[in-house]
Each structure stands twice: as structure tokens, then as C-alpha cells.
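Heads up: the structure comes next, in C-alpha cells.
Throughout, read-outs are computed from the coordinates displayed, never taken from laboratory work. Remember, it's a predicted structure, so these values are computed and weren't measured experimentally.
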Amino acid sequence: MIEVHAVTQQGKDSGSLGLWSDEHISPLQKVVQAIHDQGSKVGLQLWHVGRKGTLPQETAVSASGLPHREQYHPLDRTLN
């Protein structure tokens, strides 16, 4: 299982990989092919960090504006 591939640039967090652009396909194909060459199957975890994100307030998007924990700030941009 390949974990944490953000589905949008606004949904990524530090350290997460991305899969929102065609530019991400070729490098990921190399990893998948290497796994297949060893006779294994692969799965990918799609991810959107939402309100747990540490991105700047102006770029973060979530379904809820409520902060995840006290140390997080409420989000100004929510999906309605």
C-alpha cells in the first residue's frame, strides 16, 4: 500500500505525495512497475488533509471550518 497521495494541491500536507497533476503519473508509474516486477500488487491511499492541514489559511480548504484541535486555526474557506 502506498500511503497519502493528496488529490488536490490544497489537500496536501507537508510530507504527503501528490496525484493531482499529469506530471505525477510518470514517477508513480515507475514505482508501481517496480512493485509489479516483484510479483506484487499495489494500492494507493487517496488523501485530503482537510481541517488537519498546516497549510496557510488562504490555501487550506475543508468541508468544515471548525479547527481540528486547539492548536489549529479555524478555516476561512469551506466547501458548501
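Numbers for the structure displayed
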{"item": "For Ile2, residues with placed amide H under 5 Å, excluding near neighbours", "result": "Gly43, Leu44, Gln45"}
{"item": "Amide H contacts under 5 Å for Gly18, placed H, 5+ residues apart", "result": "Ala6"}
